[in-house]
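Report on one structure; see the data block that follows.
What follows is calculated from the coordinates using simple rules that are stated; it is not laboratory data. This structure is a prediction, so every number in the text was calculated from the model and none was measured. Cβ placement follows ideal geometry from the backbone for every residue including glycine, while neighbour counts extend to all protein chains displayed.
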Amino acid sequence: MKKSAIFLLLASFLSFHAFSQKDSTKRGKVGQAINKAGNTTAKAAVSATSAIKDKKYKTKEGPDGQTIYIDKNSHYYYVDGRGAKTYVKKSQLRDKQK
C-alpha cells in the first residue's frame, strides 16, 4: 500500500514539474509585460508628483537629458525608467540642449 502511494505522489510531482516547465515561456512573456506596465505607471506617478511638489530646474538637465527636479532640501534628482528618484550632484548636471 505504501509503495503505490509513494509512486502516485512521485508521478503527480513529475507531471506537474513537466507542465510547469512547458508553460514557463508563456508566463515569462506575461511577466515581462507586467513589469514594463508597472515601471511605466510608477514613472508616470513619480514624475507627476515631482512636477507638483518640487521645482523643475529649467536650465539644466540630467546626464542623459532627463528633467531635473529640486526637492525641499535643495537636492537634485531625476526620475529613472523604473520610477525611482535618482539623486545627482550639481557637477553631473549639464546645460539644456535646444
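Ranked highest first by average number of other Cβ atoms within 10 Å, how do 73-83, 30-40, 50-60 line up? Could the numbers behind the result be given before it?
Details: 73-83: 15.4, 30-40: 11.3, 50-60: 13.0.
The peptides rank, most packed first, as 73-83, 50-60, 30-40.
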Extended-chain gain in nm, criterion 0.36 nm per residue less alpha-carbon gap, ALA44 and SER74: 8.6 nm
Virtual spin-label span in nm between THR59 and LYS36, 7 Å along Cα→Cβ: 4.0
LYS96 long-range amide H proximity, modeled H, under 5 Å: LYS60, GLU61
Order of LYS90, LYS85 - criterion: other Cβ atoms within 10 Å of each residue's Cβ, fewest first: LYS90, LYS85
